[in-house]
1. Considering Cα pairs under 8 angstrom that are at least six residues apart, work out the relative contact order of the chain and quote it in whole percent.
2. Here are labelled values, (1) 13.7; (2) 12.5; (3) 11.7, and one is the computed mean projected area of the Cα convex hull in nm² for what I pasted. Which one?
3. For every other residue with a beta carbon closer than 15 angstrom to the beta carbon of Thr145, add +1 if it is Lys or Arg and -1 if Asp or Glu, then tell me the sum.
4. I need the peptides 142-148, 93-99 ranked by packing, meaning the mean over residues of other C-beta atoms within 10 angstrom, with the highest value on top.
5. Give me the net charge for the shell around Arg70: Cβ to Cβ below 9 angstrom, other residues only, Lys and Arg +1, Asp and Glu -1.
6. Grab the other residues whose beta carbon is less than 12 angstrom from that of Tyr47, score K and R as +1, D and E as -1, and report the net.
7. Using a basic spin-label model with each label point 7 Å from the Cα along Cα→Cβ, how many nm lie between Gln20 and Thr145?
8. Using a Gaussian network model on the chain with a 10 Å cutoff between Cα atoms, which of Leu49, Leu113, Leu157 fluctuates the most?
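Only the coordinates and a few stated rules stand behind these numbers; no lab work does. The shown structure was predicted, so the numbers you read here are calculated from the model rather than taken from an experiment. As a convention, Cβ positions derive from the backbone with ideal geometry for all residues, glycine included, and neighbour counts pool all protein chains shown.
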Amino acid sequence: MKQKAEKAKMEFLRFPVISQGAEHLVQGYLMRRNILTFKAPINNEGYDLICIHPDPPETRRPVRVQVKSRYATDCPREFPLRTKSLDAFDFLVVAFLNVGYYHNDRLITRAGLMPPEFYTFPASFIRKHHDHTTSWPKVRLRGMTLDRYRNGLGFDLIARKLGIPYPTRDE
């Protein structure tokens, strides 16, 4: 009986520091791409980051970014998303933080420690792949070819929307 209770407890692990860290990591990577990025207030409904062009005369409509994260390296490639949030953001970045193995009792947690992966999806992609038929609405990514949304290529989607060229030296 005690083992069942412990296993149920493990399924609902929450690490608020890691979750907040995901938003800061995404913010840092966007700024690395020369996208001026600000955190929205904590618990803001629908988006976590606001992105604008770094040059004031070039500033256009801000881009709203929702950040979803998964800490487990062996997580199913899916994340929950409320249906009412679908129109609240322009892009959604999923941060697979790959902190370790948490879903298989035979593995050592730290053996799964790997670099994080980021996938930046336009709102239209999320709406198309959103599954609201379950009791917990979600987006499932397993089995999809997502290379064009991964890491820097995904962040470039936001830069293009804002009209931000890749930072280079003028020659």
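1. Taking the mean separation of contacting Cα pairs over the length of the chain, I get 20 percent.
2. Structure-derived value, by its label: (2).
3. Residues close to Thr145 contribute a combined charge of +4.
4. Packing proxy ranking, top to bottom: 93-99, 142-148.
5. +1
6. -2
7. 4.1 nm
8. Looking only at Leu49, Leu113, Leu157, the largest GNM fluctuation is found for Leu113.
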